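The values are calculated or read from the model by the stated rules, or taken from the named source; none is laboratory data. Since the structure is predicted, the reported quantities are computational estimates derived from the model, not experimental observations. Here the Cβ is made from the backbone with ideal geometry for all residues, glycine too, and neighbour counts use every protein chain on show.
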């Protein structure tokens, strides 16, 4: 074991550099660290395009299905839909196919992902979608959108609130944002595996082949149903290598409790935000705080009887406010991810009551922030 003296030359040099007003040789600037991390992210996705670089006809329809639930009578004719961080395009192409009268734009930072997305659009004969390469933290498309979708992206950004704010500037007054984030409770075990891999990997993360080899040796395997069903894709179209690389090798990742996610949306400039659905292993469920959802959706929503059988527990739950009800739901179900809907007061008028009854406005920011952090427990 080294004693203190082994480090003294380095410490003395660092101290002298600081005294001289120049510590740049010892600590990279925030901008330099940010650029390095951004390059690491880009390099990883160029090598392991997500969710799958395998071009086929199978598309993922979960985002399109959610839009159909939120806007059951809407075909989005003549309207713009943005998929921010679209990756290889399975979901963006799925939305374009479900709503052929809409104009869909997918943006991503990696050329390998966009190449796959364009080929997939061509194989599905989609003419209402285009793809552009850009960094979400610098997003400036010069367009407003009626719907902005971002699935599994914001929790990978160094500054997620800045990313959410950039999306807000592209949202029309009647538009809604649909944001999907990892949840801290259901992702706990996965995060332990990721930390183990990164500790063994060491400081130099540029050797992606070594990282993948360590991941395999540790038998880290997320599986394809961590966030619900992947129906729409054939088994041969699923890239388990890309799924696992994204789950365990990514340089930046965060997971959140529901209150923290809602707070982030309000901090980013949205007037209101609501949790629309939770992802559980093998399925997804809608969040119906007041039990007022259309009967057609009751089988795919969280109902009081799903949470508690005992009348005493049901009555205790019904006495809680909306935020505490959300807390109870997430503690019981331990979701792996969740979807939030947000927008302006004008946009709220277009959405169903069951969603808006669980919405939080800017006057709720302090209460949401008081709930704490992304840690497993937010009790004080």
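Values for this structure:
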{"quantity": "Checking residue 122 against (1) more than 22 Å from the chain's Cα centre (by Cα); (2) surrounded by 21 or more Cβ atoms within 10 Å (Cβ to Cβ), the condition it does not meet", "calculated": "(2)"}
{"quantity": "Residue 236 vs. criteria within 17 Å of residue 56 (Cα to Cα), modelled with pLDDT under 85 and not in a loop (DSSP other than H, G, I, E, B)", "calculated": "yes"}
{"quantity": "Count of residues meeting criterion [without any contact (Cβ under 8 Å) to a residue 12 or more places away in the chain and farther than 28 Å from residue 61 by Cβ] in region 290-318", "calculated": "10"}
{"quantity": "Of all residues making up region 193-217, the number that are loosely packed, with under 14 Cβ neighbours inside 10 Å, out of contact with any helix residue (DSSP H, G or I) (no Cβ under 6 Å at 6 or more places or on another chain) and part of a helix (DSSP H, G or I)", "calculated": "6"}
{"quantity": "Count - residues of region 313-355 that are assigned to a strand (DSSP E or B) and farther than 23 Å from residue 295 by Cα", "calculated": "3"}
{"quantity": "Some residue of region 319-329 being without any contact (Cβ under 8 Å) to a residue 40 or more places away in the chain, surrounded by fewer than 16 Cβ atoms within 10 Å (Cβ to Cβ) and farther than 19 Å from residue 274 by Cβ", "calculated": "yes"}
{"quantity": "Extreme residue, modelled with the lowest pLDDT, among residues of region 291-302 that are in contact with a helix residue (DSSP H, G or I) (Cβ under 7 Å, 6 or more places away or on another chain) and under 18 Å from residue 330 (Cα atoms)", "calculated": "291"}
{"quantity": "Flag if residue 47 is modelled with pLDDT of 95 or more and more than 22 Å from the chain's Cα centre (by Cα)", "calculated": "no"}
{"quantity": "Residue within region 269-289 that is surrounded by fewer than 17 Cβ atoms within 10 Å (Cβ to Cβ), in contact (Cβ under 8 Å) with a residue 40 or more places away in the chain and assigned to a strand (DSSP E or B) present", "calculated": "yes"}
{"quantity": "Members of region 109-128 that are in contact with a helix residue (DSSP H, G or I) (Cβ under 8 Å, 6 or more places away or on another chain) and touching a residue at least 40 places away in the same chain (Cβ under 8 Å)", "calculated": "109, 110, 111, 112, 113, 120, 124"}
{"quantity": "Check on residue 240, under 24 Å from residue 88 (Cβ atoms), crowded, with 19+ Cβ neighbours inside 10 Å and within 23 Å of the chain's Cα centre (by Cα)", "calculated": "no"}
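To keep it simple, each residue is scored yes or no on (1) modelled with pLDDT under 95; (2) touching a strand residue (DSSP E or B) at 6+ places or on another chain (Cβ under 6 Å); (3) on the phi > 0 side of the Ramachandran plot.
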residue: 180; (1), (2), (3): no, yes, no
residue: 183; (1), (2), (3): no, yes, no
residue: 199; (1), (2), (3): no, no, no
residue: 205; (1), (2), (3): yes, no, no
residue: 212; (1), (2), (3): no, no, no
residue: 228; (1), (2), (3): yes, yes, yes
residue: 248; (1), (2), (3): no, no, no
residue: 268; (1), (2), (3): no, no, no
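The rows are residues; the columns are (1) surrounded by fewer than 18 Cβ atoms within 10 Å (Cβ to Cβ); (2) at pLDDT 95 or above.
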{"residue": "53", "(1), (2)": "no, no"}
{"residue": "56", "(1), (2)": "yes, no"}
{"residue": "59", "(1), (2)": "no, no"}
{"residue": "63", "(1), (2)": "no, yes"}
{"residue": "69", "(1), (2)": "no, yes"}
{"residue": "77", "(1), (2)": "yes, yes"}
{"residue": "81", "(1), (2)": "no, yes"}
{"residue": "89", "(1), (2)": "no, yes"}
{"residue": "96", "(1), (2)": "no, yes"}
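Each row is one residue, and each column tells you yes or no for (1) at pLDDT below 90; (2) out of contact with any strand residue (DSSP E or B) (no Cβ under 9 Å at 6 or more places or on another chain).
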{"site": "334", "(1), (2)": "no, no"}
{"site": "339", "(1), (2)": "no, no"}
{"site": "353", "(1), (2)": "no, yes"}
{"site": "365", "(1), (2)": "no, yes"}
{"site": "372", "(1), (2)": "yes, yes"}
{"site": "378", "(1), (2)": "yes, yes"}
